[in-house]
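First the structure, in the form of structure tokens, and then the observations on it.
The values are calculated or read from the model by the stated rules, or taken from the named source; none is laboratory data. On a predicted model such as this, the values are computed, not experimentally measured, just so you know. Positions of Cβ are backbone-derived with ideal geometry, glycine not excepted, and every protein chain shown enters the neighbour counts. These accessible areas exclude ligands, DNA and RNA; they are computed on the full protein's heavy atoms, side chains included. Shrake-Rupley method; radii C 1.70, N 1.55, O 1.52, S 1.80 Å.
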Amino acid sequence: MEGPLKLRLANSSDFQFGAVATETIENALLHLAQQNEQAVKEAAGRMGSFRETRIVEFVFLLSEQWCLEKSVSYQAVEILERFMVKQAENICQQATIQQRNTKTELQNWRALKEQLFNKFILRLVSCVQLASKLSFHYKIVSNITVLNFLQALGYICTKEELLESELDVLKSLNFQINLPTPLAYVEMLLEVLGYNGCLVPATQLHATCLTLLDLVYLLHEPIYESLLRASIENSTPSQLQGEKFISVKEDFMLLAVGIIAASAFIQNHECWSQFSPCYKFTEPPEDTE
């Protein structure tokens, strides 16, 4: 395990910036900003989150055991988050419909809920496997590796069930799983900062950003709960305030700017003021029509 892990860490440290044309960066940044705006709009009014510490830690440790890049672990968490929210919404909708229906239909709803719980580990592993396929077409997590892992945990699963699990995740998300993670925003903004000149090398900031991003994922709810209480200057937010704050939780551009600014502050206090222009990327684009 030690050898592959060292290789993975080495690859992370060899990350290069400044190899892409400025026009390409501008187009990519605009595209990311548009995707971020759309994601924030879609998250409006949504409650609940599955980015719990134990779940995120499980995904991170599993990705590390399988020698996957950090981008894969973040992607897996986001795929799992969106899938589980979708499943929870479907269960709640069925519960609402069946409130006036027979006892048998209520039992069917409970069975669906129990099935979701029983297959959670399988779905989580499928999300990691799907994320690996998005990242490495030549080095994906094989079905044999997944089956051996599940068997070690005491889960008996066939290859057919494993494929059905992946397909279930894909269908639930309309096959839309290749969406940018906060890491994509961080790396894109570091590219911009690299071209504009920065006292701290982008590669040095990148390493610190990864550590801080891990921390935010592992402590997602406590961190954002603290931000909410600080923003409203009240230790007991109302349900409406919590619902409105969802847009902040799902704003990956805002998170990326905060991660980079914090990393710069850790690396060099003097250059921290250089990162204030990044906050313009967190503002909604003006209507051009």
Efficiency of FRET from Cβ geometry, residue 158 and residue 43, R₀ 51 Å, rounded to 0.05: 0.90
Accessible surface, segment 24-75, averaged per residue in Å² (probe 1.4 Å): 53 Å²
Set of segment 62-94 residues, backbone N closer than 17 Å to the point 7 Å along the Cα-Cβ line of residue 207: 70
Stretchable slack from residue 266 to residue 233, in nm (0.36 nm times residue separation minus alpha-carbon distance): 9.2 nm
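Evaluate E = 1/(1 + (r/R0)^6) for residue 142 and residue 117, where r is the Cβ-Cβ distance and R0 equals 25 Å; express this FRET efficiency to the nearest 0.05. Walk me through the numbers before you get to the answer.
Values: r = 27 Å, r/R0 = 1.07.
Given R0 = 25 Å and the Cβ-Cβ separation, E is 0.40.
Could you report segment 159-274's accessible area per residue, 1.4 Å probe, as an integer in Å²? Don't skip to the answer; put the middle values down first.
On the way: 5820 Å² over 116 residues.
With all protein chains present, segment 159-274 gives 50 Å² per residue.
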